[in-house]
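Let me begin by presenting the structure, written as structure tokens, before commenting on it.
Just so it is clear, none of the values below were taken in a lab; they were calculated from the coordinates. The structure presented is a predicted model; accordingly, all values stated were derived computationally and were not measured. Methodologically, a virtual Cβ is constructed for each residue, glycine included, from the backbone with ideal geometry; neighbour enumeration extends over all protein chains shown.
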Amino acid sequence: MLQPETTDRQDLPAERRLLPLDRFQGSLGQRVYQTLRHAILSLSYRPGQILRKPEICAALGVSRSPVADAVARLAGEGLVDVVPQAGTYVARFCMSEIREGAFVREAIELAAVERVAQTITEEQLQQLRRNLAVQAALVAGGDHAGFHLADAEMHEMILSFTGFRRLAQVSETAWLHVNRARQLVLPVPGRVARTLDEHRAILAALEARDPPRARAAVRLHLGQLIRHLEPLERQRPELFDP
């Protein structure tokens, strides 16, 4: 079971939660939005936690305007709740949204991997093999955050191999709330190693160019996440909407 967040973590200053703006590209407003979004998706800011705009402005060295614009964008994505006369809060998790996002993502990925299993090239297989080698090294080194990024890259590669340019973006939008909630699962002992094994099974099915086997491997992989997330609604009710 996950442990409650410590007071030390809750009291971290904004500059400890937010990545520097030079880590991102684009206009000032885009970079402010990206660092806030990253902090929310990575749970540096926890569900239900207040976002203090003056602190954020001071930490990033920006005026209120780009922070307010970023908060408005995040509210539109359902990542932030703006409560008049009360404050701005990181949105809590909602299991119905998580289930819906997982349903859409599974439908997309099952169709994608079935198509890719019939068309994948040796060069594309080599890209996946290199990605899995990186995943294995990150697991061995205990780098869960790095593994999460390599995991996402593998899924994006498979979607891109379909030849449909906007498919990864559609999938990422559907997966948004699931992606944030899955950060709660990564610390569960053994889960990252099992995820790596599931990825290896997907690659093996693609190497065999076996569409039914590929679909089964992806279905098993994505189903494990919801199986681990659903008990958290009971274990950590303060992170979820009633």
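Which one, [x] 1.00; [y] 1.07; [z] 0.95, gives Cα Rg over 2.2 N^0.38 Å as derived from the coordinates shown?
Computed from these coordinates, Cα Rg over 2.2 N^0.38 Å corresponds to label [y].
Taking the Cα centre of the chain as origin, work out the dipole magnitude from +1 charges on Lys and Arg Cβ and -1 charges on Asp and Glu Cβ, in debye rounded to 20.
Charge dipole, the chain, about its Cα centre: 80 debye, nearest 20.
With each label point set 7 Å from Cα along the Cα-Cβ vector, what nm distance links Lys53 and Asp197?
Calculated label separation equals 5.0 nm.
Calculate the FRET efficiency for Asp69 and Phe164 from the Cβ-Cβ distance with a Förster distance of 30 Å, rounded to the nearest 0.05.
Numbers: r = 31 Å, r/R0 = 1.04.
It comes to 0.45.
So how much slack lies between Leu12 and Ala145, counting 0.36 nm per residue of separation and subtracting their Cα-Cα distance, in nm?
In short, 46.0 nm is gained.
Would you compute the Debye intensity of the stretch 7-90 from its alpha-carbon atoms alone, equal scatterers and no solvent, and pass along log10 I(q)/I(0) at q = 0.12, 0.16 Å⁻¹ to two decimals?
Taking Cα atoms of the stretch 7-90 as identical point scatterers yields -0.29, -0.54.
State, to one decimal in nm, how far the label point of Leu220 lies from the label point of Glu123, with both points 7 Å from Cα in the Cβ direction.
3.1
Between Ala58, Ala117, Ala216, where does the largest GNM mean-square fluctuation fall for the chain, given springs only between Cα atoms within less than 10 Å?
Looking only at Ala58, Ala117, Ala216, the largest GNM fluctuation is found for Ala58.
Give a residue-ordered list of calculated ³J(HN,Hα) values for the stretch 48-65 (Karplus: 6.51 cos²θ - 1.76 cosθ + 1.60, θ = phi - 60°; whole Hz; x for Gly, Pro).
Result, rounded to whole Hz: x, 7, 6, 9, 9, 4, x, 4, 5, 4, 5, 5, 8, x, 10, 7, 5, 4.
Work out which trypsin sites (Lys or Arg not before Pro) in the chain are exposed loop sites (DSSP not H, G, I, E or B, at most 11 other Cβ within 10 Å) and give the longest gap free of them.
That gives 1-164 as the longest site-free run.
When Ser27, Ser42 are ordered from fewest to most other Cβ atoms inside 10 Å of their Cβ, what list results?
Ser27, Ser42
What residue among Val90, Val104, Val192 shows peak mean-square fluctuation when the chain is described by a Gaussian network model with Cα springs under 10 Å?
Val104
Can you give me the distance in nm between label points at Gln85 and Ala107, each placed 7 Å from the Cα along the Cα-to-Cβ direction?
Simple spin-label model gives 4.1 nm for this pair.
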